[in-house]
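Colleague: One structure is given below, represented as structure tokens, and several questions about it will come after.
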Amino acid sequence: QRSGCTVFNFFYDILQLSSGRDKVVAFIQNFAKFASDAPLLCTPEGEMYWVWRGVESNLSDSRKVFRFLKWLREVYKVRRGVHRAKLGYQEGVASIGFTCGVMDVCGHACSFLYFLLDNILWATSVGLIRSKEKRMHLIGSFVREENYRHNSSLVHWLGGVRGIKTWKNYASFYRLMFALAANILLLYKAWRRRQSDSLDSEAPGAEKRKR
């Protein structure tokens, strides 16, 4: 019973935050994508195939709500990374603290670009920003298809919808790489500190200093 309460409290705490709900929905979305391609769970072009595809598509659209204007939060995180880099600079340019601070700034700058481009793609999909891509609008029980001949200035400057998606994928990749590299450096720093503490405790006279 206690383990069941622990699991319930764990999911309750996660779902309290919008980022936590986004992670749960992302897991379900990716599982639906996997299930639609898994021969053991559904047959190609069968009924369950379209069910899983519908779940994936619907959750993909709903996740855009969690990412709406999320790039504003990345501005604060970039400033936090700059402050972290300044503190690490006191230890030296080659220090782990300064390197992690710089990577933090670069990673959140990529996240800022990722969420901004994601919002622009959403705006083009609903027609707030003009693009050449076909859009299907559901109005009541009628579906209206629109196909403009020209991109807006913003979409044209970014290389069209395909160019926006390409830049978004690059930003997503590099933000993950910066975050992974920073976490590896922090893990190495914690391991080195633990090794240093263990050596100090094993040094001669350590017991006498404790007493």
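Colleague: Which ones in the stretch 148-164 are open to solvent by 70 Å² or more (accessible area, probe 1.4 Å) and under 17 Å from F112 (Cβ atoms)?
Modeller: If the condition is that a residue be open to solvent by 70 Å² or more (accessible area, probe 1.4 Å) and under 17 Å from F112 (Cβ atoms), then L154 is the only one that fits.
Colleague: Could you tell me which of the residues F27, F8 is surrounded by fewer than 12 Cβ atoms within 10 Å (Cβ to Cβ), within 22 Å of N119 (Cα to Cα) and out of contact with any helix residue (DSSP H, G or I) (no Cβ under 8 Å at 6 or more places or on another chain)? Reasoning before the result, please.
Modeller: Details: F8 fails: within 22 Å of N119 (Cα to Cα).
Result of the check over F27, F8: F27.
Colleague: Out of curiosity, is V78 in a helix (DSSP H, G or I) and open to solvent by 90 Å² or more (accessible area, probe 1.4 Å)? I'd like the intermediate steps shown before the answer.
Modeller: Details: in a helix (DSSP H, G or I): yes; open to solvent by 90 Å² or more (accessible area, probe 1.4 Å): no.
No: the conditions fail for V78.
Colleague: A follow-up question, please. Any residue in the stretch 162-183 that is within 19 Å of V102 (Cβ to Cβ) sitting within a Cβ distance under 6 Å of a residue that is modelled with pLDDT of 90 or more and aliphatic (A, V, I, L, M)? List the pairs, counting only those 6 or more apart or interchain.
Modeller: Between residues of the stretch 162-183 that are within 19 Å of V102 (Cβ to Cβ) and residues that are modelled with pLDDT of 90 or more and aliphatic (A, V, I, L, M), the close pairs are A171/L113; F178/M103; A181/M103; A182/M103.
Colleague: Turning to a different aspect of this structure: Please go through the stretch 86-125 and give me each residue that is open to solvent by 20 Å² or more (accessible area, probe 1.4 Å) and among the small types (G, A, S), ordered by number.
Modeller: Of everything in the stretch 86-125, those that are open to solvent by 20 Å² or more (accessible area, probe 1.4 Å) and among the small types (G, A, S) turn out to be G92, A94, A109, S125.
Colleague: For R73, state whether it is closer than 21 Å to V105 by Cβ and not in a loop (DSSP other than H, G, I, E, B). Write out each step before concluding.
Modeller: Working: closer than 21 Å to V105 by Cβ: yes; not in a loop (DSSP other than H, G, I, E, B): yes.
Here the answer is yes, as R73 does meet what is asked.
Colleague: Cβ-Cβ below 8 Å, separation at least six or inter-chain, first residue in the stretch 52-76 and touching a residue at least 24 places away in the same chain (Cβ under 8 Å), second of a type in the set (D, E, K, R) and open to solvent by less than 50 Å² (accessible area, probe 1.4 Å): which pairs?
Modeller: Partner pairs satisfying both residue conditions: R63/D22; K64/D118; F66/D22; R67/D22; R67/D118.
Colleague: Which of the numbered conditions does R67 fail, given that it passes all the others? Conditions: (1) surrounded by 14 or more Cβ atoms within 10 Å (Cβ to Cβ); (2) more than 13 Å from D118 (Cα to Cα).
Modeller: Failing condition for R67: (2).
Colleague: In this structure, does E56 turn out to be modelled with pLDDT of 85 or more, acidic (D, E), open to solvent by less than 50 Å² (accessible area, probe 1.4 Å) and closer than 30 Å to V126 by Cα?
Modeller: Numbers: modelled with pLDDT of 85 or more: no; acidic (D, E): yes; open to solvent by less than 50 Å² (accessible area, probe 1.4 Å): yes; closer than 30 Å to V126 by Cα: yes.
No.
The values are calculated or read from the model by the stated rules, or taken from the named source; none is laboratory data. Because the structure is a prediction, the values reported are computed rather than measured. With ideal geometry, Cβ positions are generated from the backbone for all residues, glycine too; neighbour counts draw on all protein chains shown. In case anyone asks, the SASA skips ligands and DNA or RNA and just uses the protein heavy atoms, side chains included. Shrake-Rupley method; radii C 1.70, N 1.55, O 1.52, S 1.80 Å.
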